[in-house]
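Some notes on the structure that comes next.
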Amino acid sequence: MDYDVLVLGGGIIGCAVAYELSKYSLNIALIEKEYDIADEVAMVNSSIVYDGVENSDTLMSKLEVIGNSMFEEITEKFNVPFKKCGSYIIAQNYEQGKKVQEQYEKAIKRGISGIEILDGLSISKLEKQLNMSIEKAIYCKNTSVVAPYDLAIAYGEVAFDNGVNFKLEEEVIDIKKVSNGYKIVTNKNKFSCKTVINTTPGVHYDIDENEKHKSEGNINILNSMLINKRNLFDTEKIILTQNDKGEIIKSVNNVSGNSLFIAETSTNFDFNEMKAVLNNYAPGIEEKDVKEFYQTKYHKDPIIIDDSLIDNGYIKISGKHYAQVTMTPSIAKMVCETLVVNLKAKLKKDFIDKRRDIFRFRELSNKERNQLISVDKKYGKVICLCQTVTEGEIIDAIRRPLGARTVEGVRRRTGVTFGDCEGAYCFDRIVSILARETNKGINQILKSSKGSFVVKGRIKEFNEM
Ligand SMILES: Cc1cc2nc3c(=O)[nH]c(=O)nc-3n(C[C@H](O)[C@H](O)[C@H](O)COP(=O)(O)OP(=O)(O)OC[C@H]3O[C@@H](n4cnc5c(N)ncnc54)[C@H](O)[C@@H]3O)c2cc1C
């Protein structure tokens, strides 16, 4: 057998599962079809860590509650940006107030802690600037924000350092059951393994034919505006409310200092429609304050952990859900516990539960900055002025385990080009550093995926850019 366990898919769940399994004496590999792990995690690198109150499905809510309770420890251990900011679920009229009251009572019955129901008067005393009429609100103290790429990459790095073999740019084509395990056929190789954990949502192999879960088509549109302002609603807290058309409205301060305003609707909004909705809550926001406007799908399929074939060594995690990042630590732990019992695996004595040091220059004091520069002068050269990212950080992002190989990979690991100029100043410098560090020509550097060359071709000879 090539491996004890093959994890299929290097999204946040695949990486978290690989991390949990790497604590055991097992021979593990993870197969991901893209250039990088966590390729599909949310664009703006901020996810809400829900507390289970908003979820109508009891089982999904439970996964959120367990996941939420694990975030503080994991993010501290891995040095991942995380903030327990709290949230308000706000009812703006009497009818919504009845629903919010029911939601609160349900949450209490589910045993969710850290919540309080407040009337409009109490909220307006706490949050004097909130520009909306408030009938009632649930104050959820445990809701937080996290940088999901950082978390997924951290899970991957620690798993890698503890022996997990990552196979990137390799697509699984088929899974075959053989007498004592599985044969995994990819576009490049064939591997044999005792057990498989399949985390590729929406990909169906013959082995999945008895799969109980089918997408429920429960998809809405998330119209999102990234706003160049912190505390859009003049509060640090996440706001979840419903407008008079029944559309869900969310406002989140993300981990990189901007606000994200989201309207969940059944159809796409154009820019002006979305701005009109935003201005109902934040009248002063103008077009120039909008950094990005984009639409994504909003999934609410239940996540199914199908271990019906566990006796044969196969677990499939399927479904797409808006709170999947929140559920990740609980799903990974649960899957791992099931599998290690099945494999009778033993904990490793030499497991290192630590991520290699990572320095974010913009977050350091001047004293710390000087110390860092005295060790490596490249931390004294700022490449991205808007986000204050240094050459040292970019080189580290490339040289780390599972390091960046594309501009997008550097962007996700360091925050370059997330600033106001969106890369106008630093893009070519990042490309040059990538080419130098990976020993490639500038015309071989990719923006993100296969074929996405940043330089299309030469128009004249040059030695450097
Ligand atoms: C706009 C948006 C906002 C979100 N906001 C939040 C939030 O606020 N809070 C929250 O908790 N969650 C949030 N989520 C949910 C969360 O980000 C995603 O659901 C989560 O990242 C999914 O992780 P995954 O590992 O299950 O799946 P994926 O990220 O889809 O990972 C699956 C991986 O498998 C790989 N793969 C697929 N097929 C193959 C194959 N044949 N061979 C090899 N590899 C393969 C894919 O390339 C991919 O990397 C949001 C999602 C979106 C889209």
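Any read-out appearing in this document is the output of simple, stated calculations on the displayed coordinates, not a laboratory observation. Fair warning: this is a prediction, and the values are worked out from it, not measured in the lab. Cβ placement follows ideal geometry from the backbone for every residue including glycine, while neighbour counts extend to all protein chains displayed.
Distance between the 7 Å Cα→Cβ label points at Phe351 and Asn189: 2.4 nm. Each 10 Å bin from zero up to the one holding the largest Cα-Cα distance in the chain carries the following percent of pairs: 4, 18, 28, 26, 17, 6, 1, 0.
Summing Cβ point charges (Lys, Arg +1; Asp, Glu -1) relative to the Cα centre of the range 255-396 gives a dipole of roughly 700 debye.
Please find the FRET efficiency linking Asp119 to Ser365, where r is the Cβ-Cβ separation and R0 is fixed at 56 Å, and quote it to the nearest 0.05. The value I calculate is 0.85. The per residue volume of the convex hull around the alpha-carbon atoms of the range 313-419 is 171 Å³. The charge dipole of the chain, taken about its Cα centre with unit charges on the Cβ atoms of Lys, Arg (+1), Asp and Glu (-1) only, comes to about 1120 debye. All Cα-Cα separations within the range 290-341 were binned at 10 Å from zero, giving a P(r) of 21, 41, 23, 10, 5, 0, each value a whole percent of the pairs. Reducing the range 142-172 and the range 32-72 to their Cα centroids gives an inter-centroid distance of 14 Å. Taking a point 7 Å from the Cα of Leu59 along the Cα-to-Cβ direction, the residues of the range 287-314 with backbone N closer than 17 Å to it are 300-310. What is the distance in Å between the Cα centroid of the range 386-465 and that of the range 216-291? Computed from Cα coordinates, the inter-centre distance equals 31 Å. Between the listed residues Gly403, Tyr19, Val203, the Cα displaced farthest toward the positive end of the dipole of the chain, a dipole computed from Cβ unit charges relative to the Cα centre, is found at Gly403. Were the residues from Thr267 through Arg110 laid out at 0.36 nm apart, the gain over their Cα-Cα distance would be 53.2 nm.
Ranking Tyr322, Ile239, Ser449 by how far each Cα lies toward the positive end of the dipole of the chain (charges on Cβ) leaves Ser449 at the top.
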